[in-house]
Amino acid sequence: MGVIQRIKKPTTRKGKKVLLSREPKPIEDTKQSIFLQARNPSERARKVLKDLYDLKKPDAAYLSRKNDFVPFEDATLIEKLCYKKDASLFGVSSHSKKRPHNIILGRTFNYGILDMIELGAENFKAMSDFHNMKVLAGIKPCLLFNGPVWELNQDLKRLKSLFTDFFYREKVESVRLQGLEHVISFSATDDGTIYLRSYRIHLKKSGQRTPRIELEEIGPSVDFKLRRTKLASADLFKEACRIPKELKPIAKKNQSTDAFGTKLGRIHMGKQDINRLQTRKMKGLKKSTEEKKQMLLKKKMAKKEAKKGNMLNA
Amino acid sequence: MDIVNEILEKEQKKAEKYKPITVEKHLELELDVGTLLAFDTNDLDTKLLKSDNQRDAYLQSLARDNTQLLLNKIWELPTERIDEAIVVKLPQPTTVLPRSKPVPKPKPLTKWQEFAKAKGITKQKKDKLKWDEQLQKWVPLYGFRKAAAEKEKDWLIEVPQNVDPMTDMYEKKASEKSEKVAKNELQRLKNIARSRKVNIPRVGLPVTSDKANATQLSTAAVVAKASTASLGKFQDKLPKEKEARGKGVHELIPGKVRKRNAPIPTPQMERENNLNLIDRILNKRPKIDMDKAVSKHIHKEQVQRSEEKKSMKPVKGKGKAKGGNVTNFSAKKPKAGKGQRNPNKKNPGRKRR
């Protein structure tokens, strides 16, 4: 009996390491993103995508080849490329008569499409059109969402989460105060127009500890129009948003804080012995001298016996 | 008084020199300092947004105000000094973003690991090297140079007395080893199948040599006999036939393996179980089989009706009952299509041509 065909296992140590690094982890690495071109993207659509890629640079890949596919009809190519590059965010540029200057932004969960939102780029001013100093690559930007529509419209609500996911980069413990130099602002109106603007922060003296903020536009500046969307179902999204058990804070038992911030604790007392409870003293209940003598005698006898017992044991 | 006024004036002048850091907002911003995110729920000025030349300026001023508010919050946080840079510790982010991969599941235990866990067996680490008395040197237990040491040691293998003297002991040893590897591999695959909850086909009786022994044959016979649709219930028995016993026989016959109940851990549990059993018996309600009850009722009605008919018949008979002869002999041929109709019974009737 020969050895049965083994189940596919990595042959090299390096391959094993790669596969291990791709396995799900409780604390995930920074989300990688890919940017690709669909059928005949226009100059503008391509430039918008390139600028988004520039903003996202250290954890992004720009795939310059054109791909003949329509993401909203068949997204297998995106899933495949995301698997290959181990990316979970993607941007696609395309152009057609029906949907001019089309940008599709989306994300995947477990290498399957989670959300996909189509935006039309109407007015566009590239980063290179602003002749000034840009921010450092890989810096964590501040994100601003202006307008009440971001919460009222379901599509925009998801788009807000998607934009946050795109530009949030990674969770950081601490941040350098002088390193806060980039702001991206997203303003949405009722008719589904989203104004993306990006600014560089100048910290000016204010006579106090907190500086006065001045902004300088560095681009890109795009006016997006919301088009088609393909959003994850509520249960899939919930599954994707699950926090692993290891990261959940352990709830402390019997502790609570009230509205004023006072810490309250609950203590468990043992059962009270009612028989030995000291009640009100009365002369009538007092022991007489005879009784007291007898009690003393009894105690002495008990002690003697205990001693005897001990001696015998020894 | 003059000094105070002077100082106040100075301060005012200083304040005038700098622009303010406070921002007035109708509704307060929703801030998530952990992600450096600010969400302004105030209504936007649609008039300014519509006009092409004022839009950018409006958006910039809006962004400036909101950034100022966000940074004001950040500057309030406790600071630290690390390598000549002032650093603030950010709080936990409140916005929950979807993960890119699902939450990892714990690795399923193999059958051995499960057993070891239940029995409290811990793995003892072996040394890589072992002193070999025969070779008088340290020999690796596994891995690099182990095969060489083995070769050096086994330059000659004695053929035992009970074995055919012509056997190749080296070949035997190699085949034993390869069998062990195969078994291990099979168990690995079984563990994988178990963890993925895949039903694997039962492996039949292992054939070790070309001639099977008596016990193997009897097991094979028992298994073959049980391989009918009724699990061998109606198969004839041979005289003096013995039921094969031993490990692995019952597993091959479906329905033979009995599940044993776990022993009851505490007397309280036992008491509870017994009480539950009594309750179950005492609170039993008669089960009603609706179909059976309905068919019973219908049957009863039918019997009643037929009885009534029987009792009615003599009254209906006109003059023919005179003779007292109940049987009806008449010259006429019986005709079809008369009498009670039964839709289920096909009445052939008279043939029509």
First in segment A:163-184 and more than 7 Å from chain B (Cβ to nearest Cβ) and closer than 20 Å to A:Tyr53 by Cα, second anywhere and among the basic types (Lys, Arg) and surrounded by 21 or more Cβ atoms within 10 Å (Cβ to Cβ), Cβ under 9 Å, 6 or more apart:
A:Phe166/A:Lys31; A:Phe166/A:Lys56; A:Phe166/A:Arg107; A:Phe167/A:Lys56; A:Arg169/A:Lys31; A:Arg169/A:Lys56; A:Glu170/A:Lys31; A:Ile184/A:Arg197
Would you be able to say whether some residue in segment B:102-119 is more than 30 Å from A:Phe90 (Cβ to Cβ) and in contact with a Phe, Trp or Tyr (Cβ under 8 Å, 6 or more places away or on another chain)?
no
Name the helices (runs of 4 or more DSSP H) wholly inside segment B:1-117 in which the number of residues that are surrounded by fewer than 12 Cβ atoms within 10 Å (Cβ to Cβ) and of a type outside the set (Ser, Thr, Tyr) is 2 or more.
B:2-17, B:46-50
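Please tell me if B:Gln124 is at pLDDT 90 or above, at negative phi and more than 7 Å from chain A (Cβ to nearest Cβ). Before you say what the answer is, go through the steps one by one.
Numbers: at pLDDT 90 or above: yes; at negative phi: yes; more than 7 Å from chain A (Cβ to nearest Cβ): yes.
Judged against the criteria, B:Gln124 is a match.
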Does segment B:159-178 include one or more residues that are facing another protein chain (nearest Cβ under 10 Å), among the basic types (Lys, Arg) and under 42 Å from the mean Cα position of the chain (by Cα)?
no
State which residue pairs qualify: first residue in contact (Cβ under 8 Å) with a residue 60 or more places away in the chain and on the phi < 0 side of the Ramachandran plot and inside segment B:155-170, second residue loosely packed, with under 10 Cβ neighbours inside 10 Å and not in a helix (DSSP H, G or I) in any location, beta carbons under 6 Å apart, and separation of 6 or more residues or different chains.
none
Identify, by number, the condition in (1) among the aliphatic types (A, V, I, L, M); (2) assigned by TED's automatic domain parsing to the domain that holds B:His26; (3) within 51 Å of the chain's Cα centre (by Cα) that B:Leu97 doesn't meet.
(2)
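Looking at the structure I just gave you, is B:Ile7 more than 10 Å from chain A (Cβ to nearest Cβ) and either of a type in the set (Val, Ile, Thr) or touching a Cys at 6+ places or on another chain (Cβ under 6 Å) (or both)?
Values: more than 10 Å from chain A (Cβ to nearest Cβ): yes; either of a type in the set (Val, Ile, Thr) or touching a Cys at 6+ places or on another chain (Cβ under 6 Å) (or both): yes.
Yes.
Just one of A:Glu239, A:Glu246 is within 12 Å of chain B (Cβ to nearest Cβ), under 26 Å from A:Asn110 (Cβ atoms), at pLDDT below 90 and out of contact with any Gly (no Cβ under 8 Å at 6 or more places or on another chain); which is it? Quick ask: steps written out before the conclusion?
Working: A:Glu239 fails: at pLDDT below 90.
The conditions single out A:Glu246.
Matching residues to (1) surrounded by 15 or more Cβ atoms within 10 Å (Cβ to Cβ); (2) modelled with pLDDT of 90 or more; (3) within 14 Å of chain B (Cβ to nearest Cβ):
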{"residue": "A:Val3", "(1), (2), (3)": "no, no, yes"}
{"residue": "A:Lys14", "(1), (2), (3)": "no, yes, no"}
{"residue": "A:Pro26", "(1), (2), (3)": "no, yes, yes"}
{"residue": "A:Gln37", "(1), (2), (3)": "yes, yes, no"}
{"residue": "A:Glu43", "(1), (2), (3)": "no, yes, no"}
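Residues of segment A:194-220 being charged (D, E, K, R) and within 8 Å of chain B (Cβ to nearest Cβ), which ones?
Within segment A:194-220, the subset charged (D, E, K, R) is A:197, A:200, A:204-205, A:209, A:212, A:214, A:216-217.
Within segment A:194-220, A:Arg197, A:Lys204, A:Lys205, A:Arg209, A:Arg212, A:Glu214, A:Glu217 meet the criteria.
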What number of residues in segment B:70-95 are under 23 Å from A:Tyr199 (Cα atoms) and more than 9 Å from chain A (Cβ to nearest Cβ)?
1
Restricting segment A:134-162 to residues that are within 15 Å of A:Gly179 (Cβ to Cβ) and among the aliphatic types (A, V, I, L, M), the residue that is farthest from the other protein chains (Cβ to nearest Cβ):
A:Ala137
Which numbered condition B:Ala38 fails, given (1) more than 7 Å from chain A (Cβ to nearest Cβ); (2) within 23 Å of A:Val172 (Cβ to Cβ); (3) among the small types (Gly, Ala, Ser)
(1)
Could you tell me whether segment A:257-268 includes any residue that is assigned to a loop (DSSP other than H, G, I, E, B), among the aromatic types (Phe, Trp, Tyr) and either in contact (Cβ under 8 Å) with a residue 60 or more places away in the chain or out of contact with any Lys or Arg (no Cβ under 8 Å at 6 or more places or on another chain) (or both)?
yes
Conditions (1) in contact (Cβ under 8 Å) with a residue 40 or more places away in the chain; (2) more than 30 Å from B:Lys50 (Cβ to Cβ); (3) touching a strand residue (DSSP E or B) at 6+ places or on another chain (Cβ under 9 Å) -> A:Glu246 fails only (3)
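Have a look at B:Glu114, B:Glu133 and point out the one that is within 25 Å of the chain's Cα centre (by Cα), of a type in the set (Asp, Glu) and at pLDDT 90 or above.
On the way: B:Glu133 fails: within 25 Å of the chain's Cα centre (by Cα).
Result of the check over B:Glu114, B:Glu133: B:Glu114.
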Mind checking which residues of segment A:221-240 are surrounded by fewer than 14 Cβ atoms within 10 Å (Cβ to Cβ) and assigned to a loop (DSSP other than H, G, I, E, B)?
A:Ser233
Residues that are in contact (Cβ under 8 Å) with a residue 40 or more places away in the chain, surrounded by 18 or more Cβ atoms within 10 Å (Cβ to Cβ) and of a type in the set (Asp, Glu): find the strands (runs of 3 or more DSSP E) completely inside segment A:50-137 holding 2 or more of those.
A:112-125
Consider segment B:223-261. How many of its residues are outside any loop (DSSP other than H, G, I, E, B) and modelled with pLDDT of 85 or more?
2
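The values are calculated or read from the model by the stated rules, or taken from the named source; none is laboratory data. Treat the numbers as computed from the prediction; the structure is a model and nothing was measured. Here Cβ is always computed from backbone atoms with ideal geometry, including for glycine, and neighbour counts include all displayed protein chains.
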